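What follows draws every value from the coordinates through simple rules; no lab data is involved. Bear in mind that the values here come from a model prediction, so they are computed numbers and not experimental data. FYI the Cβ positions are ideal-geometry reconstructions off the backbone, even for glycines, and counts take in every protein chain you see.
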Amino acid sequence: MDNLAPAISPPGGIGDSKPSHQAVLDWVQEVARLTEPENIFWCDGSEKEHDWLLGEAQRQGVVIKLNEEKNPGSYLHRSNPNDVARVEQFTLICTPTQEEAGPTNNWAEPAETYTKLHGMLAGAMRGRTMFVVPYIMGPPDSSLTKVGFEITDSIYVVLSMRIMTRMGSIAVKRLGTDVEAEWNRGVHSLLDVNPDRRLICHFPQDNAIISVGSGYGGNVLLSKKCLALRIGSYLARKQGWLAEHMLILGVESPEGRKHYVAAAFPSACGKTNFAMLIPPAHFKGWKVTTVGDDIAWMQIGQDGRLYAVNPENGYFGVVPGTSYKSNPNAMKSIERDTLYTNVALTDDGDVWWEGKDGPPPASCIDWRGNRWTPESKEKAAHPNSRFAVPMRNNPVLDADVEKGSGVPISAIIFGGRRSDTMPLVFQAFDWTHGVYAGATMASETTAAATGAVGQVRRDPMAMLPFCGYNMSQYFRHWLEIGPRLANPPLIFHVNWFRKGPDGKFMWPGFGENMRVLKWVLDRCEGGRGGAETEVGIIPRPEDFDLAELDITRETMRELFSIKPDEWKKEVEAQSEFFKTLGQDMPRELNAQHDKLAAKFAK
Ligand code: OXD
Ligand code: MN
């Protein structure tokens, strides 16, 4: 077998900042004994280390340096074509009992799985360097912040972790020397990047993750989906907080009134776009700022409000479709210091993807490394190609992104990609109904995970692939949080993707989503009204600002229409989904379902 990751030999002063925490040292030695690396590289997150690693990564062909004038500080990585997305079928939750993982997760018995993984990892890093990456998730001075260590044999993972987390000595300091301190153990090895030997395993009771056989971000940046969501959600339930697949944005009115909103959408439904929204001209003086684009950790504040932090330090966004038209702030963010994966490379060292501004290049190198022209049948960039970029690059980064106590959340928004049934926006009647709206969320599938694209699948609170324990227990946890909040956020459901009879999207989306956000904020401030429908409260025409928008009344009526035949099917599908979740479903949610079903029974 070719060695995919030949060992590197750092000069003195690089790769030797060994922490002093005994449990970390013991664990690293244990993994080294198993995997037999040629050497161990202790990362400190410094510039010097970063520059040196970038040089090595280029030398090994792991990254290609882009044109410095067009893309300063930026690089391209190509993953193995068999390894371009999250693999839910190989993602396991290994809890002592199957019931703890619940019916929505792939469960495996922990002891057996450790044995199997240890077998796969035995000698796996021979001839390779074993990197030890300390990192924290969360602002440095937050009580929610968690420490993790990721061991990996992939230099691409190290470079990505430096963007996506606060990495290096900051984590070693935070951990200190207390042997009882909580920290996550993550082990990753590329092995031979073979789908037959690919497993992403979580051991929530041990606060441990082992990922083998993949080099794709979502499977191997163990900080993100693995720690911040799967292990995070398990810890959150135990410790009384929420770890959610949500963006966090701030909205400030021209008068200086500010609200924060957290929103859960399934993968590749425009979370990054929404988090960086630019209000249309009509909303002069309004400002939208980003706290996070993918994950929110939330806890109850002393004033009974919900407070959120973004545990990440960067954005790992889907590239195709990103342009100065669709998301100018994302484009500005990726103008420099960006690590791209699986986009196309132009002959002058620039990057290109479908949906980028301007015409396609006459010729370029596609994501697989093959010559591409506009006549080619294949896409030049993989549909799930990504950028990893420091959040500091975001021109609309919220000023309170580092605030340890978090930002107060006024509204929670759930949403999915639905061609029909779901209105543009509705407000839930109360917390329990809001939890129901989240629990029954569904979306048409996208390229973020392997599998068929375009099928409606239930994705409760966008957490189906990310909840580290039993989904019914997860709903119960949500239901229990509500009454503990003296000032709970209001809950809404949105759908930007409803299509008209001509099969075209009816709502323009992007910046115009500000209009929906405005109604949400009005509701939070006790202003504008709404009309009660069977499924929730929707704005009446006089409550919804359409000034300077070219859209017909008829289209707006369609966008807000509640069609009994569609809803009968929806209620039925929701009930089928609940049945798959087993006996433990909270009674309150079944009661919500029965109430809704009764409204459409006639
Ligand atoms: C992501 C995802 O990469 O949700 O954020 O798949
Ligand atoms: Mn995501």
Between the range 461-492 and the range 147-207, what is the C-alpha centre distance in whole Å? 27 Å
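What FRET efficiency comes out for the pair E534/T115, r = Cβ-Cβ distance, R0 = 56 Å, nearest 0.05? If you can, show how the numbers build up before the last one.
Numbers: r = 53 Å, r/R0 = 0.94.
Calculated transfer efficiency: 0.60.
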Would you report the distance distribution of C-alpha pairs in the range 170-224 as whole percents per 5 angstrom bin, up to the bin with the largest distance? 4, 18, 24, 18, 16, 10, 6, 3
Proximal aspartates and glutamates relative to K258, as straight alpha-carbon distance under 18 Å, when same-chain residues fewer than 8 apart are discounted: D303, D398, D400, E402, D522, E525
Would you mind giving the average projected area, over all directions, of the Cα convex hull of the range 162-321 in nm² with one decimal? 12.6 nm²
Most exposed to least, judged by fewest other Cβ atoms within 10 Å, E554, E255 sort to E255, E554
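If you take every residue apart from V425 with its C-beta less than 13 Å away from the C-beta of V425, what net charge results, scoring Lys and Arg +1 and Asp and Glu -1?
+3
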According to the Cα gyration tensor, what semi-axes, each the square root of 5 times an eigenvalue, does the equivalent ellipsoid of the chain have, listed from largest to smallest in whole Å? 39, 28, 23
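Go ahead and run the numbers for FRET between R368 and D565, Cβ-Cβ distance against an R0 of 45 Å, rounding to 0.05. Can you show the working numbers first?
Details: r = 45 Å, r/R0 = 1.00.
Efficiency at R0 = 45 Å is approximately 0.50.
With a/c under 1.5 counting as rounded, go ahead and sort the range 383-489 into rounded, prolate or oblate using the C-alpha gyration tensor (a ≥ b ≥ c being the square roots of the eigenvalues; past the cut-off, prolate if a/b is larger than b/c, else oblate). It would help to have the intermediate numbers written out before the result.
On the way: a/c = 1.64, a/b = 1.03, b/c = 1.59.
In terms of gyration-tensor shape, oblate.
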Restricting to lysines and to Cα separations under 26 Å from K70, and discarding same-chain partners fewer than 8 apart, the set is K48, K325, K332, K356, K379
Between the range 345-365 and the range 84-131, the alpha-carbon center distance in angstrom: 38 Å
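Given axes a ≥ b ≥ c from the Cα gyration tensor, I'd like to know whether the range 69-111 is rounded (a/c under 1.5), prolate (a/b larger than b/c) or oblate. Mind showing how you got there, number by number?
Values: a/c = 4.17, a/b = 3.32, b/c = 1.26.
Here the range 69-111 falls in the prolate category.
What is the calculated FRET efficiency for E375 to A452, with r their C-beta to C-beta distance and R₀ = 30 Å, to the nearest 0.05? Write out the running numbers ahead of the final one.
Working: r = 27 Å, r/R0 = 0.91.
About 0.65, to the nearest 0.05.
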Please report how far the C-alpha centroid of the range 379-429 lies from that of the range 26-49, rounded to the nearest whole angstrom. 35 Å
Cross-link partners among aspartates and glutamates for K284, C-alpha distance below 15 Å, same-chain residues fewer than 8 apart left out? E252, E255, E512, D545, E548
